[in-house]
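Please read the structure below before turning to the comments.
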Amino acid sequence: MKRRDFFRSTIPILTMPVFLPSLVHGMSFRAWASSPLLRAAAKGMGEGRVLVLIQLNGGNDGLNTVIPLEYYDAYRAARTNIAIPEDKILRLQGFDKTGLHPAMPEMQQLFAAGKLAILQGVSYPQPNFSHFRATDAGQILPTGWAGRYLDEEYPQFPRNYPNPEMPDPLAIQVGSLVSPALQGPSLTMGMAISNPNSFYDLINDKSEPAGQSRAGDQLAYIREMAVKTDQYAGVIKSAAQKVTRQSDCYPPPGKNPLADQLKIVARLVAGGLKTRFYLVSMGGFDTHARQVETADTTTGAHAKLLARLSEAINAFQDDLTGLQVGDRVMGMTFSEFGRRIQSNASGGTDHGAAAPVFIFGDKVKANIIGQNPVWPDKLTVNDNLAMQYDFRAIYSTMLEKWFQTDESATASVLFKPYPILPFIV
Amino acid sequence: MADPITVSSGIRRYKGQWQEAQVAHLLRRTMFGAKRADADYFLKKSPKKAVRELVNAEYPLPGPPVNNYNDDKYTDPEILAGADWTVSQKYDGMNNGRRRNSFKSWWLGLMIGQERSLREKMVLFWHNHFVTETNTVDNALFCYQYNSLLRQHALGNFKELVRAVSTEPAMLRYLNGYANTKKAPDENYGRELQELFTVGKGPGSHYTESDVKAAARVLTGYTINYKTFTSSFDHNRHDEGDKQFSVFYDNRLIRGLKGAAAAFEIDQLLDMIFSCEEVSHFICRKLYRFFVYHSIDEETEHNVIRPLAALFRKKDYDIRPILEELLTSRHFFDPANYGSMIKSPVDFTVGLCREFNVAFPDAGQYADLYGFWEQVRNQAAGLQQNIGDPPNVAGWQAYYQEPEYDKLWISSDTLPKRNQFTDKMVGGGLGRNGKKVVIDPVAFAAGVPGVEDPDRLIAGSVKALYSVELAPEELQFIKTNILLSGLVGMASDHYWTNAWLAYREKPEDKAARDTVTNKLKALYRHLMDLPEYQLM
């Protein structure tokens, strides 16, 4: 060693565009699968189209959400302690056999305005009633599929993103750090915004305070570096900054977590991100006990959740219209499972099977697809609603009719072809 | 960068609490990661006894590296697969690079399998202090011998270590001592001996350029014998003239010696250098930065460095007494110092393997074992700490470069790589020949007291993995969003509890095991992605 060169900087800063998980302001920039589905979607003809997935965590009680007026007596008999009075059920324009929970007047209006479709009895074969298993199984979300493929298709962590064609995350999750539905064996492109405040911290250049201490000083530095590191922080920020005004229909921040999340989604979509998938979520649907107030079954825990859902979707739709991007955004709700037909003695419902799915957007064909559920006269606590549509038929439809991928691509993503459902204009 | 908090506690013996946090702090700083079994072991002792054991425990020196390197292109004709290659006297283009890699992986393996001792951490300290680079030294045996020398002296006497290092083939080669002759003096080692190894460049160091030249002349005559792989002294190449030193060394004159006796001139040189108090200050500061905190303010200099240095001199530069003094001090155990260091890449990677008790193949499967050690070593190298090959003679910048110090480990390149590594170890793990080295999150969680209670599981895991605490909101967030899949409210805790109990009831049931495995993977992946995991 002839030359002593240690005064020169020897820590190389690679400028190679590598996207990797890191944590900025509590925002987890999470790897999402650059999966066959995501790629198929990205390559599809549906330029600029976006799918927003709303996860209702805990298993939504579908029977009290979309109510079979047609079989009202059977409905009431199966769940006397939580049944919604017939006269309180919201009617759907043009469909007198089915109604909505009274907490969702906005959804009723969306339906009337031709922007809401309802799919009855959605589930998947051999449903699992464990929250953990149901979501872990990767059955529900398209990205769950993706994760399982990824290890085989990309045994080496793919490093070709972002690139000029796709500078933005392929998928963004807001509101939950890591959804188990997204936990494949390996995760690649995408990011999660763990809570709305962190999003506003990012775009306003605020950083999380670290205590005045030796460790705090080190933490502050690492967080600062995480911001600099993240290649998506910049594109997110600049997209968000292009939008300066959003709908007044949103409730004040913190009142409705789902609305807060959707507000961010609308902003990013309108700000021009090419991201195709957004995942937002709200919890609390695991209503084993006291899902209604006994004195008035139209109120209580479940009613509050549905009210928030309805309020949030409505504000989001209004916002998209105002931002002039309504025609390229489609949204849908889903839950890991529905609940039992019979209510239990604690005024709640236990884990069940099939449940309705809401699909909304300007390009939705307002419709009720499927039949009101029927069940045997001699009902037991273990009876479940039958599946009418496989979740994967929805994804198949989204892929082919919304993202306009070709049939073979869809089939390869979902293992086999599924019927196309008529919920898109 | 201003020191955000002054720690005014001094060198007096710590007599405070002795709980998980204190034990983990001691272990993270003196070993690689705080392994649960080690923490439990030392928890039963007093701080004094724990430190005494870490510093003084005598473990036999490890066995040598073996031939793990036969491959498609090469089979060692001399050394059988799995046999000790350090007995070989033949080093050529085919075996040398392979053996060098073998040596480096072996060393990494020693760190992972370390005893309850400060020794391996001190080997790294001395490696960073008396730097040699295997790339420059080139000969695999020299590299191994040098590393063994550092291990042998790791907790011995500093002056003796300097003496030994100065004439060791690897160092003669690395800093050109072998080419330092009376006809063509090479000042390289004479300079670094003072600037980097002993008196340093601190405010109390005033050696001159003529001191560098004079020292170089004292050191003339050492050569390397490539037949015996030893160094020797050739008095014909030695400068027999007198060597005059500057006022910094009290105008000391080292009389030139002739013949074989000239080999002892170096001892006079070292006596002269070690008569400077500055040696003790310099080394104590460096140890402090390695074990406690990067910044030394006036208060710390006065309360810690000076008394420690005085003890160092009093003990004739024995290393153990000052380490014991420092590591049992109130200053060391001051809570302000917990989590005040950013993990070096070796602490990060090796520490992870140890903390999670990651299983490696048996010694009998040496090819795979070395292969996995190599993978961990390469991870650390990717994070800018390539053991055996520091960037230059000054060592890794993070250990000396003001004002950033250990912050230099974290860059826009290395931070994502760190997250990627932990993700990988929780996820698919390292792979080789169909074998895997991977974190077993279920085994780790099973050791957390109250694992079936999600709050206790998270709190216990945080305690085991972090040197700092997490805010209650953060813990709550982790519970609802990660462990409980977004289910909210206390009412949902039983989902985790039921899942865990179902697994414990029937550990062989795949579905039950998968359920808890997936949750725990998400939990530990997240915990190790948070910036807090970068601290120790």
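Quick one: divide the alpha-carbon radius of gyration of the protein assembly as shown by 2.2 N^0.38 Å and tell me what you get.
Details: Rg = 33.4 Å, N = 961, 2.2 N^0.38 = 29.9 Å.
The reported ratio for this selection is 1.12.
Test of understanding: ordering B:Ser340, B:Ser232, A:Ser408 by Cβ neighbours within 10 Å, fewest first, what list do you get? Working shown, then result.
Working: B:Ser340 27, B:Ser232 13, A:Ser408 10.
Ordered by Cβ neighbours within 10 Å, fewest first: A:Ser408, B:Ser232, B:Ser340.
Report the semi-axes of the equivalent ellipsoid for the range B:442-534 in whole Å, largest first, where each axis is √(5λ) for an eigenvalue λ of the Cα gyration tensor.
Square roots of five times the eigenvalues give 21, 15, 11 Å.
What FRET efficiency, computed as 1/(1 + (r/R0)^6) with R0 = 25 Å and r the Cβ-Cβ distance, is obtained for A:Gln93 and A:Tyr71, rounded to the nearest 0.05? Please list the in-between numbers first.
Working: r = 20 Å, r/R0 = 0.81.
In this case the efficiency is close to 0.75.
In percent, what relative contact order does the range B:1-59 have, based on Cα pairs under 8 Å that are 6 or more apart in sequence?
Numbers: 22 pairs, mean separation 18.2, N = 59.
Across the range B:1-59, relative contact order equals 31 percent.
Can you list the aspartates and glutamates whose alpha carbon is less than 20 Å from that of A:Lys401, not counting same-chain residues fewer than 8 positions off?
Of all the aspartates and glutamates, those that pass the test against A:Lys401 - Cα under 20 Å, at least 8 places apart if same chain - are A:Glu47, A:Asp327, A:Asp362, A:Asp390.
Please state the relative contact order of the range B:166-211 as a whole percent: Cα pairs under 8 Å, 6+ residues apart?
Details: 20 pairs, mean separation 9.3, N = 46.
Relative contact order comes out at 20 percent.
For the range A:287-298, take each phi angle, set θ = phi - 60°, evaluate the Karplus expression 6.51 cos²θ - 1.76 cosθ + 1.60, and give the result in whole Hz per residue in order, putting x for glycine and proline.
8, 6, 9, 6, 7, 10, 7, 4, 5, 9, 5, 7
Pop out the ³J(HN,Hα) list for the range B:116-125 in order, Karplus 6.51 cos²θ - 1.76 cosθ + 1.60 with θ = phi - 60°, rounded to Hz; leave Gly and Pro as x.
6, 7, 7, 4, 5, 5, 6, 4, 5, 4
For A:Gly99, list long-range residues whose amide hydrogen, built 1.01 Å from N in the peptide plane, is under 5 Å from its own amide hydrogen.
Answer set, sorted by chain and number: A:Ile67, A:Leu69.
In whole percent, what relative contact order does chain B give with Cα contacts below 8 Å and a gap of six or more residues? Numbers along the way, then the final one.
On the way: 804 pairs, mean separation 92.5, N = 536.
Rounded, it is 17 percent for chain B.
How about B:Lys435: which lysines have a C-alpha closer than 19 Å to its C-alpha, ignoring those fewer than 8 places off in the same chain?
Result set, ordered by chain and number: B:Lys424.
If one takes the longest principal axis of the Cα atoms in chain B, at what angle in degrees, from 0 to 90 and to the nearest 10, does the Cα axis of helix B:140-153 lie?
Relative to chain B, helix B:140-153 is tipped by roughly 80 degrees.
What ranking do A:Val374, B:Val66 get, fewest neighbouring Cβ atoms within 10 angstrom at the top? It would help to have the intermediate numbers written out before the result.
Numbers: A:Val374 11, B:Val66 21.
Ascending number of Cβ neighbours within 10 Å: A:Val374, B:Val66.
Roughly how many Å is it from the Cα centre of the range B:204-237 to that of the range A:69-99, as a whole number?
97 Å
Provide A:Val50, A:Val243, A:Val381 in ascending order of the number of other Cβ atoms located within 10 Å of each residue's Cβ, fewest first. Kindly include the intermediate steps, with their values, before the conclusion.
Values: A:Val50 24, A:Val243 17, A:Val381 11.
With the sparsest Cβ surroundings first, the list reads A:Val381, A:Val243, A:Val50.
Taking the simple approach of a point 7 Å from Cα along Cα-to-Cβ for both B:Asp71 and B:Asp455, what is their distance in nm?
5.4 nm
Once you average over the residues of B:528-535, how many Cβ atoms of partner chains fall within 10 Å of each Cβ? Could the numbers behind the result be given before it?
Values: counts 0, 9, 6, 14, 5, 1, 5, 6.
Per-residue shielding by partner chains comes out at 6.
Out of every Cα-Cα pair in chain B, what percent are more than 31 Å apart?
51 percent
Straight-line reach from A:Lys378: which lysines have a Cα under 29 Å away, not including same-chain ones fewer than 8 places off?
Qualifying lysines at Cα under 29 Å: A:Lys88, A:Lys97.
Gain in length, B:Leu61 to B:Asn236, computed as 0.36 nm per residue apart minus the alpha-carbon separation, to one decimal in nm? Before the final figure, lay out each step's value.
Details: separation 175, 0.36 × 175 = 63.00 nm, distance 3.69 nm.
Length difference between fully extended and current span is 59.3 nm.
Roughly how many Å is it from the Cα centre of the range B:356-411 to that of the range A:223-299, as a whole number?
Cα centroid to Cα centroid, the span is 41 Å.
Past the 15 angstrom mark, what percentage of all C-alpha to C-alpha distances in the range B:137-202 do you count? Walk me through the numbers on the way to the answer.
Working: 1202 of 2145 pairs.
Looking at the range B:137-202, the distances longer than 15 Å represent 56 percent of pairs.
Could you work out, residue by residue across B:516-524, how many beta carbons of other chains sit within 10 Å of that residue's beta carbon, and then give the average as an integer? Kindly include the intermediate steps, with their values, before the conclusion.
Values: counts 1, 1, 7, 4, 0, 4, 7, 1, 0.
The shielding value for this peptide is 3.
Obtain the nm distance between the two label points defined at B:Arg320 and B:Val87 by a simple spin-label model: each point lies 7 Å from its Cα along the Cα-to-C-beta direction.
3.2 nm
Considering all projection directions equally, how large on average is the shadow of the alpha-carbon convex hull of the range B:157-275, in square nanometres? Don't jump to the answer; show the numbers that get you there.
Values: hull surface 27.9 nm².
Projected over every direction and averaged, the Cα hull of the range B:157-275 covers 7.0 nm².
List every residue whose amide H lies under 5 Å from the amide H of B:Met341, counting only residues 5 or more places away in sequence or on a different chain, with H placed 1.01 Å from N in the peptide plane.
HN-HN under 5 Å from B:Met341: B:Met536.
Throughout, read-outs are computed from the coordinates displayed, never taken from laboratory work. Note that the structure is predicted; figures quoted are calculated from it, not measured. When we count neighbours, we look across all protein chains shown, and the Cβ atoms used for this are built from the backbone with ideal geometry, even at glycine.
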